[in-house]
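No lab work stands behind these numbers, since they all come straight from the coordinates. In this text, all values refer to a predicted model and were calculated from it rather than measured experimentally. Every residue, glycine among them, receives a Cβ derived from its backbone with ideal geometry; neighbour counts consider all protein chains shown.
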Amino acid sequence: MVEREVVLAKLATIDRCLTRIAEVRDNETTERSRLDIEDITVLNITRAAQATIDLATHVVTTEGFGLPDSVSASFTMLSKHEIIDDALAERLRKMVGFRNVAVHDYQTLDPRIISAIVANHLEDMRAFARRIIETFEIC
């Protein structure tokens, strides 16, 4: 059974990081440099992604779905158990790939990819959070 406090802490981290991204990108007219905005964005995408991964792993292990053999396998297992749909699971597995690049090979990040993630894929982490809240009736 999922631990409510763990889930709430991870959900709060996801929300805080995604809110921070929106704040910094909505106020690009401030004195911050383009590089600072990019750094803040990547840091918070990475933190939100890690909290999403941690939450997925927590659900998989506490619900007895098995032990994932990789970080992205948790999303596959959640899809198999109909917690999330296959399409969301695939997008979240790609998020793991981005997180790996951001953490291990930061210099190869293309600013256009970061902008595309912000524009099109932050909602994936929010959708995941909503599914966890709905499935486990977390308020």
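Dipole magnitude for the chain: computed about the Cα centre from +1 point charges on Lys and Arg Cβ and -1 point charges on Asp and Glu Cβ, it is near 100 debye.
Applying both filters, DSSP loop and at most 10 other Cβ atoms within 10 Å, to the GluC sites (Glu not before Pro) of segment 88-139 gives GLU137. The shape of the chain comes out prolate: with a ≥ b ≥ c from the C-alpha gyration tensor, a/c is at least 1.5 and a/b beats b/c. Place +1 on the Cβ of every Lys and Arg and -1 on the Cβ of every Asp and Glu in segment 63-107, take the dipole about the Cα centre, and give the residue among ILE84, MET95, VAL71 whose Cα lies farthest towards its positive end. Among ILE84, MET95, VAL71, the one farthest towards the positive end of the dipole of segment 63-107 is MET95.
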